[in-house]
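Asks: This structure is in structure tokens; I'll ask about it shortly.
The values are calculated or read from the model by the stated rules, or taken from the named source; none is laboratory data. Being a predicted model, the structure only gives us computed values, none of them experimental. In this analysis, Cβ positions are derived from the backbone assuming ideal geometry, glycine residues included, and neighbour counts consider all displayed protein chains. Keep in mind that these areas ignore ligands, DNA and RNA; they rest on the heavy atoms of the full protein, side chains included. Shrake-Rupley method; radii C 1.70, N 1.55, O 1.52, S 1.80 Å.
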Amino acid sequence: MVIPFKSEPADLHQRSLFPGNVFDLLPPEHDCFLFHDLFQQLDTCRVEAKYSPNGQHAYHPRQIVSILIYGYSHGVFSSRQLEKRCREDLSFMYIAGRHCPNFRVLSDFRKDNAVFFQHCFKQTVELALEMKLASLGHVSLDGSKFKASSSKHKAMSYKHLKAKEAALTREIDDLIKQATTCDTEEDATHGAQSGYELPEELTFKKKRLATIRSAKAALEAREEALHPGKVIDDKKQISFADKEARIMGKKGDFDYRYNGQISVDSDHQIIVGQHVSQNANDKQEVKAALDSVKETTGQLPEKMSLDNGYYSGDNLETLEQAKVEAYVAVDRGEQGGTEPLNQSDRRLVKADFVYDEASDSFRCPAGQILPLKQQNKDGKRVYQGEATTCHACPYHQRCCQSKKGEARTLHSDGKEVVRQHMRERMSSETAKMVYKRRKVIVEPVFGHIKNGGFRGFSLRGEEKVAGEFSLVCAAHNLKKMVKAAMTGLVRPAFGNWKAQVG
């Protein structure tokens with residue numbers, strides 16, 4: 001009986017008389033060929049100028065950045081894994097031109113060229129615009145947290161830093177005093193030991209003290225920049241590994257992270273603007289986002305949709321000044337503000353109060369006026385009603401929460417006018433339909449990035465992290481272009497990628 005299985009080819013262990021091209025083993029529709037064509041269009045002149053003609057010839061920067069972007073687009077982020085792929089994977093070998101850069105070459109290039117990677121990202125956006133894969137008609141902005149190359153276990157609070165600095169200083173002083181009497185008391189102190197243990201311990205503690213003082217100084221500089229003149233909270237922390245990362249998270253999942261922000265075009269989910277922030281929330285991110293889009297594309301989007309995390313006075317004012325038609329969710333954080341007041345279980349929130357610009361006051365649902373009571377130096381304003389009127393109000397139980405029986409108080413940053421304009425805009429059905437598209441524009445992009453394996457940065461420091469995030473976004477854009485070519489939206493003819501016509 002003949003066994004119905006395929007046998008090994010007769011020439012499995014033989015050499016070919018007429019060698020063929022090893023890349024013929026790849027299917028002709030493999031994405032590496034399209035990626036290679038796109039990489040050839042990247043301008044690397046900015047980084048080429050850094051190389052010297054002396055010494056051994058270096059790998060061309062285009063080859064290195066091609067390997068990095070292709071790796072990031074295929075879920076390979078480790079420089080060692082990239083080197084291995086260039087040695088074993090045919091598609092990576094094709095991208096690398098059959099070169100195999102050492103992992104140190106790849107790692108150092110990634111660390112030393114953060115600004116160049118941002119330029120690469122800009123070039124991918126320019127290519128997308130030329131291919132008509134983006135139009136800036138409707139752009140959605142969102143942010144997501146990515147883990148820093150650090151750990152919350154390699155960090156210390158300000159209180160602990162001060163205590164440790166004082167303790168190490170005392171220990172070093174004691175060791176120095178002990179060292180001065182070492183010669184006369186050597187036998188009694190060291191016995192059979194050599195006497196070299198003390199200087200080693202002193203050296204270690206001095207290095208540790210220098211690390212503590214460096215971290216403490218960095219924390220103090222950070223807090224002074226964020227809160228000038230204010231006393232530093234002892235609970236404030238800083239990481240020894242990446243002093244520029246910040247503790248971020250929610251629902252008990254807190255770690256050192258960076259806030260990656262992307263502006264995504266609605267046409268084909270091309271990222272047209274991106275930046276990395278150290279802020280744990282999105283209340284100050286619109287200006288940086290608009291600056292990024294303008295710097296990358298030379299223009300601002302016509303429409304922009306944003307979730308409630310961006311619903312702050314500063315953000316809304318920035319959008320209004322930029323004359324961008326914005327759609328920002330106004331409900332979250334003010335749950336119930338758009339629901340009927342006759343719901344007996346609903347607490348009255350700020351959205352239930354109407355702001356009057358002329359009198360700079362709020363009017364409560366029962367008609368009471370809450371005038372301006374206090375304005376702080378930082379611009380924060382406090383509005384409060386009259387206690388007797390509040391106690392007699394039918395909404396009292398659902399409105400006033402003061403244990404001291406005080407009247408209802410509202411806080412504002414003095415930018416209620418722009419908030420009111422946004423609430424009015426978002427109350428229309430047209431605005432709701434525009435905003436509804438946001439969840440299918442920007443949210444899937446973060447899903448693609450994270451499902452592709454990128455969950456945290458390999459580099460440390462805000463500048464280098466920003467460069468790596470540019471790599472991530474460039475890889476996403478090029479993947480979208482390759483997909484567009486495979487589905488016929490664009491036609492890559494003779495290396496000149498154009499929009500498909502007809």
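Asks: Please give the direction-averaged projected area of the C-alpha convex hull for the chain, in square nanometres with one decimal.
Replies: Mean projected area for the chain: 44.1 nm², to one decimal.
Asks: What do you reckon, how do Val22, Val272, Val349 stack up by accessible area (1.4 Å probe), largest on top?
Replies: Greatest to least solvent exposure: Val22, Val349, Val272.
Asks: Identify all aspartates and glutamates with a Cα-Cα distance to Lys380 below 18 Å; exclude those on the same chain that are fewer than 8 residues away in sequence.
Replies: Result set, ordered by chain and number: Asp314, Glu317, Asp356, Glu357, Asp360, Asp413, Glu416.
Asks: Hey, another quick one. Please give the charge dipole size of segment 352-414, origin at the Cα centre, charges +1 on K and R Cβ atoms and -1 on D and E Cβ atoms. Round to the nearest 20 debye.
Replies: 300 debye
Asks: May I pose another question? If packing is taken as the average count of other Cβ atoms within 10 Å, what order do 70-80, 445-455, 463-473 fall into, highest mean first?
Replies: Per-residue mean Cβ counts within 10 Å order the peptides as 463-473, 70-80, 445-455.
Asks: Pull out the extension gain between Ala210 and Arg346, defined as 0.36 nm times the separation in residues minus the alpha carbon to alpha carbon distance; nm, one decimal.
Replies: In short, 43.4 nm is gained.
Asks: Please report, in debye to the nearest 20, how large the charge dipole of the chain is about its Cα centre when each Lys and Arg carries +1 at its beta carbon and each Asp and Glu carries -1 there.
Replies: 780 debye
Asks: Compute, for segment 227-340, the length of the dipole vector about the Cα centre, with Cβ point charges of +1 (Lys, Arg) and -1 (Asp, Glu) only. Units Debye, rounded to 20.
Replies: Result for segment 227-340 is approximately 460 debye, rounded to the nearest 20.
Asks: Given a 1.4 Å probe and heavy atoms of the protein chains only, how would you sort Asp413, Asp267, Asp282, largest accessible area at the top?
Replies: Sorted by accessible area, descending: Asp267, Asp413, Asp282.
Asks: Need one number: the % of Cα-Cα pairs in segment 242-393 sitting beyond the 23 Å mark.
Replies: 55 percent
Asks: Follow-up. Within 11 Å, Cβ to Cβ, of Lys439, how many net charges do the neighbouring residues add up to if Lys/Arg are +1 and Asp/Glu are -1?
Replies: 0
Asks: Please work out the ratio of the alpha-carbon Rg of segment 17-137 to 2.2 N^0.38 Å and round it to two decimals.
Replies: That ratio works out to 1.15.
Asks: Per the Kirkwood formula on distinct C-alpha pairs, the Rh of segment 363-502 is how many angstrom?
Replies: 21.3 Å
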